[in-house]
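Remarks on the structure that follows.
The values are calculated or read from the model by the stated rules, or taken from the named source; none is laboratory data. Worth saying up front: this structure is predicted, and the values here are computed from it rather than measured. Because the Cβ atoms are built from the backbone with ideal geometry, glycine has one as well, and the counts that use them run over all protein chains shown. Calculation scope for accessible area: heavy atoms of the full protein, side chains included, ligands and nucleic acids excluded. Shrake-Rupley method; radii C 1.70, N 1.55, O 1.52, S 1.80 Å.
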Amino acid sequence: MKLWETVLCALLSTLISLIFGGLYTIGLFRQKRPKEPPLDKGLIPWLGHGLSFSKKPFPLLEQMRKKHGDIFTLLVGGQYIHILMDPHTYRYILKESKSKLDFGVFASNVVLKVFNFQPTTTHHKIGETGSRKYLRGKSLLALNQILMQNLKEILLDSVAGKSGWCQDGLWSFSYKTIFLASFLALFGAVPELEVNSKESTKERRCKPYEKFFADFQQFDEFFPLIVLNNMDSKTRKEAQRLKNYFWDLLSVEKIDKREDISFWLVDQDRQLADAGMNEKMRTQVQLLYLWASQANTGPVTFWLLAYLLKHPDAMKAIRAEVEQVLKETGQEENPMNLSLQAIKTPLLDSAVEEVLRLKAGSFVFRTVVEDFRLQMDNGNEYDLRKDDHLLLFPFLGLHMDPEIYPEPQTFKYDRFLSPEGKRKEFFKNGKKLRTSIMPFGGGTSMCPGRFFAISEMKIFAILMLTHFDMELVNPEEELPSSVEHRIVIGTAHPTRDIDFKFRRRF
């Protein structure tokens, strides 16, 4: 064979290998093996169901569930993702060791994309330990008191000197109020934003923080785009500007200058420094804590008040419950200093859970570390390949299942209570569910700040119910629909605001 023929054959062989290798990479040749879940690659090579999955995941997953059952595999942007819908099987996944199913790979990628640092196992352990120490138990009681005092000043100052009704957008009012009160309780006063520190009221003193809040909302809107790397150059530039702005304000170099910063954040920063993390990375961690502590509580608080305003019977019953329990515990004279641990509010607790069921339930993500055999609760077994991903979506698989929750789209404030007033049990296929609601994820990826988040919602609701009359400006107006894709990363945002009015009760 002549030299040019040899070279040509080599080039052709290489080209063929590249073509077939590329086709394999984009998923053209992957076939379902025996005992693997049903495989649906969509119509577009490599992309698969990527467009539908990122823009309108609910209709896609509901369609796939009807077509394939409670477990199936989708090709999404070059990744094979196993979707598990059976809530009885969730507990097995959440208990599985990270040597087989790992959350860390996904979480590290998100943190790197959004917050620009690569967390380690040590950093994760420091965060988990700190959350257990400071965001629950006795430390949480102290934090709740600080939050309550902040809310008291902001809420009462907002109507000081005003007679009659005040009017505002409920989304703007509730989210901004809980954000400011919570931020000051956790992060303390930021010197650069304290230009009006001598003002006589907390409301006026908080005015400079309103731009900070607006910038946070904008950053939060960019969050899913950053995760999906779906930004144009203008959006990318603005997202980076916001990061730089937050990093400057929250810089750990200035942490000693912040008044009333929480023990949680001070201790977290000290431990990260002791673990060898430099100042730049520790400042990036501060932005992570800001987003994690603020991004979901405000939206859920909005929905809680919105549903109570739209359902006067629910508001009346919960207000009566709160007033009765405050009277029984001798706190009716000054409910601003109430202790959540000293009172029991089953109706309010049920309403909070109902709102979380309706508006929360993000994906629970695991990476398949090694070839893995999944056993379903019904005894069926499925093989999952190494480097694939496993996704639980409690919002559809659990929260919106009409067998578990009749009329799942309807708000029922007492849904989680039995006729005897105890916590209700829920069933699927005649079998009791171990876990009937998963608004905070599960297993090792469960939100470590969930106890503080629930405290925030309850405290805010109690203060609004006991100190204010509230009504929708237009009682006939329907509540806004949800921005669908937000639920997959946390809690739903409304598509628009809705006006309400409020006034002091006494």
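Structure data summary
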quantity: Sum of side-chain charges, Asp232 neighbourhood, beta-carbon under 15 Å (Lys, Arg +1; Asp, Glu -1); calculated: +2
quantity: Exposure ranking of Met231, Met464 by accessible area [1.4 Å probe, largest first]; calculated: Met231, Met464
quantity: Scaled radius of gyration (Cα, divided by 2.2 N^0.38 Å) that the chain gives; calculated: 1.08
quantity: 30 Å Cα-Cα reach of Lys386 towards lysines, excluding residues that sit fewer than 8 places from it in its own chain; calculated: Lys32, Lys35, Lys41, Lys55, Lys56, Lys66, Lys67, Lys95, Lys98, Lys100, Lys113, Lys125
quantity: Gain on full stretching of the segment that runs from Asp387 to Asp497 - 0.36 nm per residue minus C-alpha separation; calculated: 35.4 nm
quantity: Accessible area of Asp499 in the full protein assembly, 1.4 Å probe (Å², nearest 10); calculated: 70 Å²
quantity: In order through region 225-232: 3J(HN,Hα) via Karplus (6.51 cos²θ - 1.76 cosθ + 1.60), integer Hz, x for Gly, Pro; calculated: 5, 5, 4, 7, 6, 10, 10, 7
quantity: Label-point gap, in nm, between Asp267 and Val483 - each point 7 angstrom along Cα→Cβ; calculated: 3.5 nm
quantity: Over region 216-295, relative contact order from alpha-carbon pairs under 8 Å, at least 6 apart, %; calculated: 36 percent
quantity: Long-range HN-HN contacts of Ala275 with modeled amide H, under 5 Å; calculated: none
quantity: Where Arg423, Arg91, Arg136 fall by accessible area, highest first, once all protein chains stay in place (1.4 Å); calculated: Arg423, Arg136, Arg91
quantity: Per principal axis, descending, Cα span of region 357-399 in whole Å; calculated: 35, 24, 8
quantity: Over the chain: helical MRE at 222 nm, DSSP H runs n ≥ 4 each giving -39500 (n - 2.57), nearest 500; calculated: -16000 deg cm²/dmol
quantity: Long-range amide H partners of Val76 with built H, under 5 Å; calculated: His49, Ile81
quantity: Exposure rank, largest accessible area first [Phe103, Phe29, Phe506; 1.4 Å]; calculated: Phe506, Phe29, Phe103
quantity: Length-normalised contact order of the chain in % [C-alpha pairs under 8 Å, at least 6 apart]; calculated: 21 percent
quantity: Accessible area (Å², 1.4 Å probe, nearest 10) - Lys95; calculated: 150 Å²
quantity: Förster radius 56 Å - calculated FRET efficiency between Glu332 and Asp232, Cβ distance, rounded to 0.05; calculated: 0.50
quantity: Pairwise label distance in nanometres, Ser251 with Gln149, each label 7 Å out on the Cα-Cβ vector; calculated: 2.9 nm
quantity: Inter-label distance for Gln324 and Lys95, nm, one decimal - labels placed 7 Å from Cα along Cα-to-Cβ; calculated: 3.9 nm
quantity: For the chain, accessible area per residue (1.4 Å probe, heavy atoms of protein chains only), Å²; calculated: 47 Å²
quantity: Computed accessible area, Leu140, all protein chains, 1.4 angstrom probe, square angstrom; calculated: 10 Å²
quantity: Contour minus Cα-Cα distance for Val105 and Cys166 (0.36 nm per residue); calculated: 17.1 nm
quantity: Aspartates and glutamates with Cα under 13 Å of Lys412, excluding same-chain neighbours fewer than 8 positions away; calculated: Asp313, Asp349, Glu353, Glu354
quantity: Residues Leu340 and Lys316, FRET efficiency given R0 of 25 Å [Cβ-Cβ distance, rounded to 0.05]; calculated: 0.70
quantity: Protection-proxy order for peptides 433-444, 350-361, each taking the mean of Cβ atoms within 10 Å per residue, highest first; calculated: 350-361, 433-444
quantity: Environment charge at Arg434 (Cβ cut-off 14 Å; Lys +1, Arg +1, Asp -1, Glu -1); calculated: +3
